[in-house]
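To start, the structure under review is shown below, and the notes come after it.
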């Protein structure tokens, strides 16, 4: 086909349409990549079953997360708390043996963080617990989760909706120190 | 499995949406294009515009379809109410949504009646446009509600903050629906252009131009609206099925757009059947995409109504009143065995059983030692010391004096 015979209008309009839709497919692909890389629940070094401890056994969250009422961070429990029971209980299970190795070698368990707030946000677990917020309000039904994941958006609008409903402070400086 | 958390009835009601949304799209799209085409026809005396308007009004879904639209919407709202009791759907909402939809359908039909009786005055147009606007407004409300299904954490707050009902995700979903409407309508317009055994060539070409004007801007906007919808949905709602359905919607929309513009670029007559079929097929994909998001979000983890923003006093959460002064506690009137049993079941039974060792020793092996010495047992519960090296130390449970007294008496009563 000679160049003159090409229907340039048709070619250009087809190109524009394909380009536009291709652009949004590209955006979708990029966002899917971001979601896969950064928004997935991290793998944990020990397969800890909240369903067993908080669910079946009915342990209060504060039984293991001992700092949650006293500090900003809930924190992971010290291994001595785990070993209080697991010196005797289920010692034949591979995950408990893994836990015991960490304890004996005095190595910290590097738990993957699931609930991340940006560094410019001041958030205190202690204040929220004192204010009567239940752990599950922000963390969902952890006792039913085989694998804990984030089930609330943890976005500003979400925080503000709750603060507004319960007459909690709405000043910027409350969370943006 | 994506659908494991979605009740069967909800899945069945999803199938009802597959019928409902295209039907609603026909009312909005055919009504609006008929009105605008007729209005332009009056201005430029182009008889093809009148003909298209007449054909669209003639084939507008009838009252039975209107009733089907109302019935399916009412049914689906009922199913949602049934499965998600925490989702506030007050009677007023039903009344407004169904009432406005019914009156919208009626107004469009009244407008059609007036046009068919040659009442081409502004009043007939006004009635028609109000009818279309009412139906569109209902779907704005409905689809904002669909956005709400992706954020169950806001449900308990709606009573105090009704504006939380509106969300950017709801706006995006409404925008997507309104972009799908012209695509289906363009397919209908093209099919009308080929109607009859000997279709008029000029009219066919007119419908091809008209279909491009109607559908192309909406199709070009659709991918942006889909990506906007994804970004305004919580990340929790993202899943592979959702992303694949979005990609498929974008690809199909691109295909329709390319096929649609071909007649204007010298590519022969429009493939009306293909455009109408894809225009129709976009609806189920779009409904499935919406359901895919909800299937991930509406799980027991997020839905348990007792977990939704209820303020729980600290003592109730911990099952204690340890922060209260001891003096006040000791005014407990009498031995409260029922309270003791509650404390036993909720706290002690985690680590102790009567007849076997669990985390701690069996009660049968330790409680009898305290027989007749309740104060000693209370001292131990108040400040547990490691006694038996075979067991881990019992933690201080921080029970209130009243709870300690109740549970100690309860334990000893079981031994007696």
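Suppose the filter is assigned by TED's automatic domain parsing to the domain that holds residue B:19, outside any helix (DSSP H, G or I) and over 24 Å from the mean Cα position of the chain (by Cα); does residue B:195 pass it? Here the answer is yes, as residue B:195 does meet what is asked.
If you go through segment B:348-361 and keep only what is part of a loop (DSSP other than H, G, I, E, B), closer than 20 Å to residue B:405 by Cα and without any contact (Cβ under 8 Å) to a residue 40 or more places away in the chain, you end up with just B:353. Here is a check on your reading of the model: is residue A:147 within 14 Å of chain B (Cβ to nearest Cβ), at pLDDT 85 or above and more than 30 Å from residue B:386 (Cβ to Cβ)? Spelling it out, residue A:147 is indeed within 14 Å of chain B (Cβ to nearest Cβ), at pLDDT 85 or above and more than 30 Å from residue B:386 (Cβ to Cβ). Can you name the residue in segment B:235-255 that is within 20 Å of the chain's Cα centre (by Cα) and facing chain A (nearest Cβ under 7 Å) and, of all such residues, is farthest from residue A:149 (Cα to Cα)? Top of the filtered list is B:246. The set of residues from segment B:165-183 being surrounded by 18 or more Cβ atoms within 10 Å (Cβ to Cβ) and within 12 Å of chain A (Cβ to nearest Cβ) comprises B:167, B:169. With respect to the conditions (1) touching a residue at least 24 places away in the same chain (Cβ under 8 Å); (2) facing chain B (nearest Cβ under 8 Å), residue A:74 falls short on a single one, namely (2).
Residue-by-condition table, conditions (1) in contact with a strand residue (DSSP E or B) (Cβ under 7 Å, 6 or more places away or on another chain); (2) more than 14 Å from chain A (Cβ to nearest Cβ); (3) closer than 22 Å to residue A:64 by Cα:
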position: B:335; (1), (2), (3): no, yes, no
position: B:346; (1), (2), (3): no, no, yes
position: B:355; (1), (2), (3): no, yes, no
position: B:365; (1), (2), (3): no, yes, no
position: B:378; (1), (2), (3): no, yes, no
position: B:382; (1), (2), (3): no, yes, yes
position: B:401; (1), (2), (3): no, yes, no
position: B:405; (1), (2), (3): no, yes, no
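The lone criterion from (1) surrounded by fewer than 14 Cβ atoms within 10 Å (Cβ to Cβ); (2) over 28 Å from residue A:177 (Cβ atoms); (3) at pLDDT 90 or above left unmet by residue A:120 is number (2). The condition of being outside any loop (DSSP other than H, G, I, E, B) and loosely packed, with under 15 Cβ neighbours inside 10 Å does not hold for residue B:378. Going through (1) closer than 15 Å to residue A:49 by Cα; (2) in the same structural domain as residue A:59 (by TED's automatic domain parsing) one by one, residue A:96 falls short only on (2). Figure legend. Inter-residue proximity from segment A:150-177: first residues within 14 Å of chain B (Cβ to nearest Cβ), second residues surrounded by fewer than 14 Cβ atoms within 10 Å (Cβ to Cβ) and modelled with pLDDT under 85, beta-carbon distance below 6 Å, spacing 6+ or different chains. Indicated pairs: A:165/B:160.
Of the residues screened, residue B:241 is one that is at pLDDT 90 or above and surrounded by fewer than 21 Cβ atoms within 10 Å (Cβ to Cβ). Selection of segment B:256-272 for residues being more than 9 Å from every other protein chain (Cβ to nearest Cβ), under 21 Å from residue B:178 (Cα atoms) and surrounded by fewer than 22 Cβ atoms within 10 Å (Cβ to Cβ) yields only B:259. Only residues that are over 14 Å from the mean Cα position of the chain (by Cα) and more than 12 Å from every other protein chain (Cβ to nearest Cβ) were counted across segment A:106-126, and they come to 12. Scan segment B:76-89 for residues that are loosely packed, with under 14 Cβ neighbours inside 10 Å and under 16 Å from residue B:291 (Cβ atoms) and the total you get is 0. Any idea which residue in segment B:1-60 is modelled with the highest pLDDT, counting only those that are outside any helix (DSSP H, G or I) and out of contact with any helix residue (DSSP H, G or I) (no Cβ under 6 Å at 6 or more places or on another chain)? Here the answer is B:59. Screening the candidates B:13, B:103, B:65 for the property of being surrounded by fewer than 18 Cβ atoms within 10 Å (Cβ to Cβ) and within 25 Å of residue B:281 (Cβ to Cβ) yields one hit, B:65. Scoring residue B:306 on the criteria (1) modelled with pLDDT of 75 or more; (2) surrounded by fewer than 18 Cβ atoms within 10 Å (Cβ to Cβ); (3) within 14 Å of chain A (Cβ to nearest Cβ) leaves a single failure, condition (1). Identification of helices (runs of 4 or more DSSP H) wholly contained in segment A:85-177 with 3 or more residues that are farther than 30 Å from residue B:360 by Cβ yields A:125-130, A:156-165, A:172-175.
Of all residues in segment A:23-60, those that are assigned to a helix (DSSP H, G or I), more than 7 Å from chain B (Cβ to nearest Cβ) and touching a helix residue (DSSP H, G or I) at 6+ places or on another chain (Cβ under 6 Å) total 3.
The values are calculated or read from the model by the stated rules, or taken from the named source; none is laboratory data. Keep in mind it's a predicted model, so treat the numbers as computed, not measured. Positions of Cβ are backbone-derived with ideal geometry, glycine not excepted, and every protein chain shown enters the neighbour counts.
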